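**Student:** If you scroll down you'll find the structure; I have some questions about it.
The values are calculated or read from the model by the stated rules, or taken from the named source; none is laboratory data. From a predicted model like this one, the values you see are computed outputs, not experimental measurements. So basically every Cβ, Gly included, is an ideal-geometry build from the backbone, and we count neighbours across all protein chains shown. Heads up: the accessible areas ignore ligands, DNA and RNA and are worked out on the full protein's heavy atoms, side chains in. Shrake-Rupley method; radii C 1.70, N 1.55, O 1.52, S 1.80 Å.
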Amino acid sequence: MLLGFIVGVLNNGDGCSYTRRFLIVFVFFPSVFSRCCSPPVQLVAVTQQALVRQKQVNTKSQEEEEPNKPVVLRKDPSKFLLRRAKVAVKFVTNTTKECKRTLLERLRCLSFDIEEREIFTSLTAARNLLELKDVRPLLLVEDSAREDFAGIETTDPNAVVIGLAPDHFNYEMLNKAFRLILDGAPLIAIHKARYYKRKDGLALGPGPFVTGLEYSTDTQATVVGKPEKTFFLEALRDLNCSPEEAVMIGDDARDDVGGAQNTGMLGILVKTGKYRAGDEGKINPPPHLTCESFPEAVNHILQHLLDTK
């Protein structure tokens, strides 16, 4: 998953409009998109993993160049270029292993200049749906993510919410979810990622467990995270920005790029994080662009997609 930028035309309340650009986690659709025949880019989105992986690459390079000096996290110049282009920032991510507050603290420790209001997560989307349906969920999420569901009643559950929860994916809990669904409880999947990247390599995501519950109960889960259109549209909603004015940068061809493109956005795939050789050929239409790194994607946006007039 990645983070990205959005440019939106906002109204300041006194009848005057002004332009801001937003950093958000998004991917874009490779439609006919040029400065002469389409609206200027109003959003550039980048997934969390792309930015964090790029920061780790920068740090590793510093260690190799100066092995005897203490490592200092370098400021990412591409981020400042986007800020200088007056792009308002919003981070959108599918992560379910931590709450928004913890995610914000982690990104700030990595020297990212970001505010909580600039983060939109699939946990937020799931909470919004729970409040809309007024249900009591069995939460199959990591304990560190439960803070984002504070105030939601969970006793005597009549719904099942499943995210990435390695500590809870055991027979007893999955069987409890199975029985609730058989009794009519809706199955809500925060997302259905096949796998994700850990320090020790790739690992199963929540997708296989969601699919197992769907198969065993003969039901269909409601998915709220990427690559669902509702996720991208909800993230855009408060920015006064249409999908055609947004760009997504991500390392997941299906969930980041494919999902954003199906929503009408422009998508850039970066070869970081969970990217594997050949991923760009797994979606149709293919990404608008495939880049080696996040800075390369940013440079393309600044040089070719932003209306600088």
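**Student:** Going by Cα centres, segment 113-173 and segment 177-240 are how many Å apart?
**Tutor:** If you average the Cα positions of each part, the centres end up 11 Å apart.
**Student:** As a test of reading the structure, rank 124, 230 by solvent-accessible area (1.4 Å probe, protein chains only), most first.
**Tutor:** Details: 124 35, 230 90 Å².
The ordering from most to least exposed comes out as 230, 124.
**Student:** Report, by chain and number, residues whose modeled amide H sits under 5 Å from the one on residue 90, excluding near sequence neighbours (fewer than 5 apart, same chain).
**Tutor:** 4, 6, 23, 24
**Student:** Working out 0.36 nm times the residue gap between residue 117 and residue 167, then minus their Cα-Cα distance, what length gain in nm do you get to one decimal? Write out the running numbers ahead of the final one.
**Tutor:** Details: separation 50, 0.36 × 50 = 18.00 nm, distance 2.92 nm.
Computed gain between residue 117 and residue 167 is 15.1 nm.
**Student:** Mind scanning 226/274; 176/199; 90/229; 97/271 and naming the pairs with a C-alpha gap bigger than 20 Å?
**Tutor:** Values: 226/274 15 Å; 176/199 31 Å; 90/229 17 Å; 97/271 23 Å.
In this structure, 176/199; 97/271 lie more than 20 Å apart at Cα.
**Student:** By the gyration tensor of its Cα atoms, with a ≥ b ≥ c the square roots of the eigenvalues, what is the shape of segment 199-309: rounded for a/c under 1.5, prolate for a/b over b/c, or oblate? Provide the component values of the computation, followed by the final result.
**Tutor:** Working: a/c = 2.52, a/b = 1.44, b/c = 1.75.
Here segment 199-309 falls in the oblate category.
**Student:** Next question. When DSSP beta bridges are limited to those with both residues in segment 135-223, what percentage is antiparallel, rounded to the nearest 5?
**Tutor:** 30
**Student:** Using only alpha carbon pairs under 8 Å that are at least six residues apart, calculate the relative contact order of segment 135-223 and give it in whole percent.
**Tutor:** Working: 138 pairs, mean separation 23.2, N = 89.
After rounding, I find 26 percent.
**Student:** Restricting to bridges with both residues inside segment 160-285, how much of the DSSP beta-bridge set is antiparallel, in percent to the nearest 5? Let's see the in-between values first.
**Tutor:** On the way: 4 of 13 bridges.
Given both bridge residues lie in segment 160-285, the antiparallel proportion sits at roughly 30 percent.
**Student:** Report the FRET efficiency, 1/(1 + (r/R0)^6), for residue 242 and residue 158, where r is their Cβ-Cβ distance and R0 is 41 Å, rounded to 0.05. Can you show the working numbers first?
**Tutor:** Numbers: r = 37 Å, r/R0 = 0.90.
After rounding, the FRET efficiency stands at 0.65.
**Student:** Listed highest first by mean packing, meaning other Cβ atoms within 10 Å per residue, what order do 213-222, 132-141, 265-274 come in? Kindly include the intermediate steps, with their values, before the conclusion.
**Tutor:** Working: 213-222: 14.8, 132-141: 18.1, 265-274: 27.4.
So the peptides 213-222, 132-141, 265-274, ranked by packing, come out 265-274, 132-141, 213-222.
**Student:** Mind ordering 202-211, 93-102 by average Cβ neighbours within 10 Å, highest first? Can you show the working numbers first?
**Tutor:** Numbers: 202-211: 17.7, 93-102: 22.4.
Answer by packing, highest mean first, reads 93-102, 202-211.
**Student:** Let me ask another. Mind checking the full-extension length gain between residue 216 and residue 143? Use 0.36 nm per residue of separation minus the Cα-Cα distance, one decimal, nm.
**Tutor:** On the way: separation 73, 0.36 × 73 = 26.28 nm, distance 2.59 nm.
Gain in length upon complete extension: 23.7 nm.
**Student:** Can you list the aspartates and glutamates whose alpha carbon sits under 17 Å from that of residue 100, skipping same-chain ones fewer than 8 residues off?
**Tutor:** The qualifying aspartates and glutamates are 113, 115, 116, 118, 142, 143, 147, 148, 234.
**Student:** Would you calculate the separation in nanometres between label points at residue 136 and residue 175, each defined as 7 Å from the Cα along the Cα-to-beta-carbon direction?
**Tutor:** Result for the modelled spin labels: 2.3 nm.
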